[in-house]
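Below is one structure, written out as structure tokens, with a few remarks after it.
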Amino acid sequence: MNRLTTIRAKDVAAGAAPDPIVPVGPAPASIAIITDAWHPQTNGVVRTLSTTCEVLRGWGHQVTVISPEGYPSIPAPTYPEIRLALTAPGAVGRQLARIAPEAVHIATEGPLGFAARRYCLSRKVPFTTAYHTQFPDYLARRTGLPAAAFWPYIRWFHRPAQRIMVATETIRACLREQGLTQLTHWSRGVDLTCFSPDAPPPPEYAGAKGPILLYVGRVAVEKNIEAFLACPYPGTKVVVGDGPARAALQARFPQALFLGKKSGAELAGCYAGADVFVFPSRTDTFGLVMIEALACGTPVAAFPVPGPLDIVTSRVGALHEDLTRAIDAARYCDRAACAAYGASYSWEAATRQFLAGLVALEEEEAVSLQAMPAF
């Protein structure tokens, strides 16, 4: 017999209307999320996890995040902004034993995720994982090695999970090709109190030659920003975000505006004041920034790759291997249709999908998890 509470009572109490498409039923009251990506990092994974935690806690669930914050860490090779936790054997297991959660979700494939996976397997405790990033492609861009060299680790890491959460159908098909079939849907959302067409544009846009073409995200090699900046389409190219590739790109493309990190109302204004949002990445599994841009009424231009293929329709943007043609086509999209489409992405609905994907521990599994590790 497992220890369960119901999301329905908590949702109704919080004023959240159940999504008729997503099953609403039993859900754990105590959840442990293990992630190697956490604050102060600024990326889609961190924003997804932190927002999901906020919604869950608002519904009354107890959520504990095991992140690099609690451990000494070292910078990731070629990506110093990401800290890799240095964990002693059994340290994550001891945390899980103290937390005594009713469900364990391993969000990332790094050192903390590895340690949590090892502990759960040693105790025969079920857990779920998520596939947030196309790591084989990402690592291929950073190392020069073929993406195929990294798929064995991804398959090995996720294979024991009871369920693997994925954001799009394209990624679902990709993982199925790798023999990972225990897949469940977990979409993303937009904070509609912040992102809307009414957000005032930043002062840097004043006097800028139109059209204004915008990129938002980490400024790193795997984001393929060079393809955007080198695109010959006329107008002003704007980059919002920071990262290890910024200095080199800023020196190479001095005509572009690099505005650094923005958040909240300032970020919303950057979206709303742009003519086209350009998403050049080929390694993202979703692309949270695309639906934020759409919610602000800004159409999207991107390559026809996972993420954009699942989000961008001809009404709200354009996909083409020639980014110039995609940008030109996107400019003709109706901005009101873009805003309506972006507003259809709800964090509440996405969080219900997350809850539906979790696997609650049976009583004997919970006891086994709480047994303090000897190693």
Got a number for residues in the range 344-367 being buried (at least 16 other Cβ atoms within 10 Å of the Cβ) and assigned to a helix (DSSP H, G or I)? 13
Output the residues belonging to the range 122-133 that are closer than 29 Å to T170 by Cα and either without any contact (Cβ under 8 Å) to a residue 12 or more places away in the chain or not aromatic (F, W, Y) (or both). P126, T128, T129, A130, H132, T133
Tally up the residues in the range 28-57 that are at pLDDT below 95 and part of a helix (DSSP H, G or I), please. 4
Failed condition for P146, given (1) farther than 30 Å from G93 by Cβ; (2) buried (at least 17 other Cβ atoms within 10 Å of the Cβ), with all others met? (2)
Take S196 and tell me if it is of a type outside the set (A, V, I, L, M), farther than 30 Å from V92 by Cα and crowded, with 18+ Cβ neighbours inside 10 Å. yes
Which pairs have Cβ atoms under 6 Å, sit 6 or more apart or on different chains, and link a residue in the range 337-357 that is free of Cβ contacts under 8 Å to residues at least 24 places away in the same chain to one that is surrounded by fewer than 21 Cβ atoms within 10 Å (Cβ to Cβ) and not aliphatic (A, V, I, L, M)? A337/R315
Filter the range 97-134 down to the residues that are surrounded by 21 or more Cβ atoms within 10 Å (Cβ to Cβ), of a type in the set (F, W, Y) and within 20 Å of the chain's Cα centre (by Cα), then identify the one that is nearest to V367 (Cα to Cα). F127
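The values are calculated or read from the model by the stated rules, or taken from the named source; none is laboratory data. Bear in mind that the values here come from a model prediction, so they are computed numbers and not experimental data. Every residue, glycine among them, receives a Cβ derived from its backbone with ideal geometry; neighbour counts consider all protein chains shown.
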